[in-house]
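Here is the structure we will look at.
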Amino acid sequence: MAGAAACLVVYPFTSLAGQMSVAGGVQGSIFQVSKQIYKTFGIKGFYKGLPGELAADIWGFMLGFGLYDLANGAFYKAFGRKPASLEKGLVGGTTACVSITTSMPLLLATTRMQVQGLPGYPVLYKNVVDCLVKTAQQEGVGGLWKGIVPSYAQIFPCIFISYYVYETLAKELGLGGLAKYSAGAAKKK
């Protein structure tokens, strides 16, 4: 629920970024662009593609954290120890890539929904599902994963660095890292 609420609050900025980032998109300062979008599309212009973003976020975070936990458990079973900071970074980056692979079609539909109706981008889709179906029909199923390689190039280092730095600093500062919050650690107290 918290993630969905946060998405609803910040999504207008995601929508602004999407509509500003394409050729023929809205131009100007964030205030000028907001005014243009409101004038052209009304309040709905700030939420174009929102269902796809919500579904991708909920699914992606659920899967990403779940896979991260499973992978760390599998690591422990295979090696008889918890992963070190570097290994947690690798696990986190890899599971994030798996997660983004499964949510990429929704993210692609979100982007297409955001820009349709802008100059040079005709309205082609009624909703996210319609966008997914038409994309698969017109571009093949592989078309649903357009942009996946740049997404990997963004998400892997981002998550790897986040987990690695967090775990390293937590260990150095004696904070316990993520292990401090595990069910096993809570039972020991």
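Ratio of Rg to Rh for segment 15-55: 0.97 [Cα atoms; Kirkwood radius as inverse mean 1/r over pairs]. With Cα atoms as the point set, the radius of gyration and Dmax of segment 1-91 evaluate to 19.5, 61 Å.
Here the Gaussian network model covers the chain, with springs between Cα atoms less than 10 Å apart; of Ile58, Ile30, Ile155, Ile30 fluctuates the most.
Dipole size of the chain about its Cα centre, with +1 on Lys/Arg Cβ and -1 on Asp/Glu Cβ: approximately 380 debye, rounded to the nearest 20.
A simple charge model with +1 on the Cβ of Lys and Arg, -1 on the Cβ of Asp and Glu and nothing else charged puts the dipole of segment 1-113 at about 120 debye relative to its Cα centre. From its DSSP helices (H runs of at least four residues, each -39,500 (n - 2.57)), the chain gives a residue-normalised ellipticity at 222 nm of -24500 deg cm²/dmol. Among Cys97, Ala74, Phe41, whose Cα projects farthest towards the positive end of the dipole of the chain, with charges put on the beta-carbon of Lys, Arg (+1) and Asp, Glu (-1)? Most positive-ward Cα: Ala74. If I build a Gaussian network model for the chain, linking alpha-carbon pairs within less than 10 angstrom, which residue out of Gly24, Gly174, Gly143 has the largest mean-square fluctuation? The residue with the greatest mean-square fluctuation here is Gly174.
Once the Kirkwood radius over Cα pairs is known for segment 37-150, the Stokes-Einstein relation at 10 °C and 1.306 mPa s delivers a diffusion coefficient of 99 µm²/s.
Surface exposure of the chain, expressed per residue as accessible area with a 1.4 Å probe, stands at 60 Å².
Of the residues Pro119, Ala5, Ser15, the one whose Cα sits farthest towards the positive end of the charge dipole of the chain is Ala5 (charges of +1 on Lys and Arg Cβ, -1 on Asp and Glu Cβ, taken about the Cα centre).
Count the lysine pairs in segment 56-167 whose Cα atoms sit under 26 Å apart, keeping only pairs 8 or more residues apart in sequence or on different chains.
Numbers: Lys77/Lys88; Lys126/Lys134; Lys126/Lys146; Lys134/Lys146.
Lysine pairs meeting both conditions in segment 56-167 amount to 4.
Ranking Tyr164, Tyr76 by solvent-accessible area of protein heavy atoms (1.4 Å probe, all protein chains present), from largest to smallest, gives Tyr76, Tyr164.
Percent of accessible area on segment 33-189 owned by carbon and sulfur, 1.4 Å probe?
Working: 6520 of 9460 Å².
Answer for segment 33-189: carbon and sulfur cover 69 percent of the accessible area.
Relative to a virtual label point 7 Å from the Cα of Ala136 in the Cα→beta-carbon direction, which members of segment 90-130 show backbone nitrogen distances below 16 Å? What the label zone holds, given the 16 Å backbone N cut-off, is 102-110, 126-130.
The values are calculated or read from the model by the stated rules, or taken from the named source; none is laboratory data. Keep in mind the model is a prediction, meaning the values are calculated, not measured. Heads up, the Cβs are rebuilt from the backbone with ideal geometry, glycines too, and the neighbour counts pull from every protein chain shown. Accessible surface areas use protein heavy atoms only, side chains included; no ligands, DNA or RNA. Shrake-Rupley method; radii C 1.70, N 1.55, O 1.52, S 1.80 Å.
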